[in-house]
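Structure first, then comments.
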Amino acid sequence: MKSLASFTYKYRKLVLVLWAVLVLFFGFFALKLPTVLNGDGFEYAGTYAEVEEMMQSDFEIPATSMILLFEKEKDATDDNFSLFIDEKLDHIVNIKHVHLYSPPSEMKDNRSYAILSYDGPDEKRVETIKEIRSNLTDEASISVGLTGGAVIAEDMNKASQDDLVRAELIGIPIALIVLLLAFRGIVAALIPLITGFVSVVIAMGLLYFTGQKIDLSIFVLNTAPMIGLALGIDFALLFVNRFREELDQQAVKDATVKTVLTSGRAIVFSGFCVLLGLVAMLFIQVGIFQSVALGGVAVVFTSVLAAVTFLPALLSVLGPHINKWTILKIKEKRISGWHRFAAFVMKRPVIMAIVATGLLIIGALPVGNMKLTIPEADALPTSYESRTTFEKYEETFADKGATTVPLIAKATEEMTETASLEKLEDLIAALKDDPLVTKVDSVLSATNMTADELVFALEIPEMRAQVEPAFDQLTNGERALLQVQLQADGSSEKAKNWVSDWNDKQHDLDIKVGGFSKFQQEIFDEIYDKIGYSLAFILISTYIVLFFAFKSVLIPLKAIIMNVISLSCTFGIIVWLFQGGHLGSAPSDIALMIPIFAFSIVFGLSMDYEVFLISRMYEIYQETGDNDRSTLEGLISTSKIITSAAAIMIVITGAFAFTGIVPVQQMGATVALAIFIDATIVRMILVPSLMKLMGDLNWWSPLHKKRKVIARN
């Protein structure tokens, strides 16, 4: 760290020029990041994906389909409605790569729908959706809307970009006000914002190149800037505050080196803790977790790098000018409010520890009622047509409490063989015997024949011509496609257990089950199977990092336990707010990725304050050997800066709670609330209380003991 500080100071102007070049280069590509983001990220390489691929390649079921929903008012005639539908479809099927996959349905509740297929390249899909929409003008008493997976994904991308702008417009001005109150000067206040901007721009540019190689979820557009801005500003706040303190006592060079050795060291350890939390998400092989992990790693890397190179270089150039343009002059009190608060806490450590723990446990009580769900169209704001159209389609045409599951059965011989069709017949009979199955559509039901009758029909040319269309549509070589209807909601435990059981069942035919229920089951199972590894990695690696940071056995253990309790409290309150509908909006289940994102991200972010606080205590303890004094002085000297840093983190992340996409709202609210609880109840009350109660035992370590023995010898 000392060598890095000396190098950065010596070549400070060159370092700043290099950073400027990096910002310009990566900034150009950062603007293009939305063009390489694709879908919500809930992709998993399992049986569901295999079945989808086989349905496309063997049974010509389109990979991308869209729903056109037509609706008329009561005063519109049926003839005008039919004419309107035909006219719209005539224009749309002339669009390149767009085909009519399913003709208009029968009218129900004054609504009808048609299904379009798209077989063009992925990079042209957005343009095609725009072209389709340009042909969908409403007429008097008749309207048309476009929805479907691809359309919802595109709207989610647009909503994410709008949300990012909205969050920045809310968060950054308030963050600047907090910085002005903390530093009381315009120059000092602007530096953390500049550092955060630099970190995010370069990280998003790096992610553009990453997106060229692997699929990245559209949620990266929200999570990466949220983490990057909050972390970059936090790091810079700590660094600038320490630099100003050192500048009052020594020359610019010495102040720079000392700041890098103290705050810079704390930032490296802190960033490493955040990094470990993000890396832990890579254990879960679902696209969205991989994307957010990679996005987070990029912004943490650039934030730490900017904090220990860009910041020292900039502050070295500014020197005393860091204190220019002071707008708030506050006379420092001999005994500050933070001093009185710290003394109050340490005089009553037992009571304060009990009160703080009690509050955290009360907040955690609702967490047992948490209901997790995979975000769908209802994650979009109601102002988006793709959401309202999808809801109308489901309301009118979807079977309530039922779901259809595609099942592909593979024989050892062609489906034209008697043995293969007889095995298929046995499978269908077994399926129909299942109490959850209400209907099985297959090549046998489509032709209304038994296996023997179908084999016979295929051998007679006149009969073959009649059954061949259905046979070609529902079989391919050794494979047959079945559509199994279940009397259960697609996302219910009944449906998920059914697809899991049947996919693993032993039968004469090789069975692969797909569909929405299989998709849900595989995503949930992957998370539940791997979450233990992720948590173990976070807890063990964080302990090791903090052990080497503070040379203490107990301090890392306390930090981890307090973080777990704090996050449990956060999740409990989030359940109460969102599932209970206590935010003034309709109750909504918690998006599946929120607890994992929050734990992985917040566990590291909240360690910032632990590292900031304990680093100063450790520094003083090394000088004095007095635990009570180091705890009190460490708390006094960092309370203001931790509060300011937390306020900025809360503002930056909390601003996303006022956006339109529900999972992004939940993510912003969760991170902001977790930081608030951590920076107040935990860092300001629980940590000093326990530090006081445990005395010198806080700093015990086998490493210290070994050093003393060597010294005596």
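Computed values, structure above
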read-out: Verdict on Leu693 being over 26 Å from Val178 (Cβ atoms), part of a helix (DSSP H, G or I) and either at pLDDT 85 or above or in contact with a Lys or Arg (Cβ under 8 Å, 6 or more places away or on another chain) (or both); value: yes
read-out: Test: residue in the stretch 96-103 that is out of contact with any Pro (no Cβ under 8 Å at 6 or more places or on another chain), part of a loop (DSSP other than H, G, I, E, B) and under 25 Å from Asp79 (Cβ atoms); value: yes
read-out: Check on Gly668, in contact with a Phe, Trp or Tyr (Cβ under 6 Å, 6 or more places away or on another chain) and within 30 Å of Glu376 (Cβ to Cβ); value: yes
read-out: Meets criteria (under 32 Å from the mean Cα position of the chain (by Cα), part of a helix (DSSP H, G or I) and either within 24 Å of Ser639 (Cβ to Cβ) or in contact (Cβ under 8 Å) with a residue 12 or more places away in the chain (or both)) for Leu261; value: no
read-out: Residue count, the stretch 473-504 (criterion: at pLDDT 90 or above, of a type in the set (D, E, K, R) and part of a helix (DSSP H, G or I)); value: 4
read-out: Residue that is farthest from Thr631 (Cα to Cα) [pool: residues in the stretch 555-589 that are touching an Asp or Glu at 6+ places or on another chain (Cβ under 8 Å) and among the polar types (S, T, N, Q)]; value: Ser588
read-out: One residue from Thr638, Thr631 being of a type in the set (Ser, Thr, Tyr), touching a Phe, Trp or Tyr at 6+ places or on another chain (Cβ under 6 Å) and in a helix (DSSP H, G or I); value: Thr638
read-out: Residue match in the stretch 53-73 (condition: among the hydrophobic types (A, V, I, L, M, F, W, C) and within 25 Å of Gln212 (Cα to Cα)); value: yes
read-out: Index of the failed condition, Thr570 passing every other in (1) closer than 30 Å to Thr404 by Cβ; (2) buried (at least 23 other Cβ atoms within 10 Å of the Cβ); (3) hydroxyl-bearing (Ser, Thr, Tyr); value: (1)
read-out: The one condition in (1) in contact with a strand residue (DSSP E or B) (Cβ under 9 Å, 6 or more places away or on another chain); (2) assigned by TED's automatic domain parsing to the domain that holds Tyr113; (3) surrounded by fewer than 21 Cβ atoms within 10 Å (Cβ to Cβ) that Glu50 fails to fulfil; value: (2)
read-out: Residues that are under 17 Å from Val286 (Cα atoms) and outside any loop (DSSP other than H, G, I, E, B), drawn from the stretch 211-223; value: Gly211, Lys213, Leu216, Val220, Thr223
read-out: All positions within the stretch 164-222 that are aromatic (Phe, Trp, Tyr), modelled with pLDDT of 85 or more and more than 16 Å from Thr35 (Cα to Cα); value: Phe197
read-out: Subset of the stretch 429-463 (residues that are in contact with a Lys or Arg (Cβ under 8 Å, 6 or more places away or on another chain) and closer than 19 Å to His507 by Cβ); value: Leu436, Val440
read-out: Filter result (among the hydroxyl-bearing types (Ser, Thr, Tyr), without any contact (Cβ under 8 Å) to a residue 24 or more places away in the chain and assigned by TED's automatic domain parsing to the domain that holds Val662) within the stretch 539-590; value: Ser585
read-out: Matching residues, the stretch 41-73, being farther than 26 Å from Ile92 by Cα and in contact with an Asp or Glu (Cβ under 9 Å, 6 or more places away or on another chain); value: Gly41, Glu43, Tyr44, Gly46, Thr47, Tyr48, Ala49
read-out: Wholly enclosed helices (runs of 4 or more DSSP H) of the stretch 322-406 bearing at least 2 residues under 30 Å from Glu60 (Cα atoms) and either at pLDDT 85 or above or touching a strand residue (DSSP E or B) at 6+ places or on another chain (Cβ under 9 Å) (or both); value: 385-397
read-out: Checklist (1) in a helix (DSSP H, G or I); (2) surrounded by fewer than 20 Cβ atoms within 10 Å (Cβ to Cβ) applied to Ile267, failing item; value: (2)
read-out: Where Leu89 falls short, out of the listed (1) at pLDDT 90 or above; (2) surrounded by fewer than 15 Cβ atoms within 10 Å (Cβ to Cβ); (3) of a type in the set (A, V, I, L, M, F, W, C); value: (2)
read-out: Qualifying positions in the stretch 341-374 - touching a residue at least 60 places away in the same chain (Cβ under 8 Å), out of contact with any Ser or Thr (no Cβ under 9 Å at 6 or more places or on another chain) and under 30 Å from Phe42 (Cα atoms); value: Leu365, Pro366, Asn369, Met370, Lys371, Leu372
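The values are calculated or read from the model by the stated rules, or taken from the named source; none is laboratory data. None of the values given here were measured: they were computed from a predicted structure. Note that each Cβ is placed from the backbone with ideal geometry, even for glycine, and that neighbours are counted across all protein chains shown.
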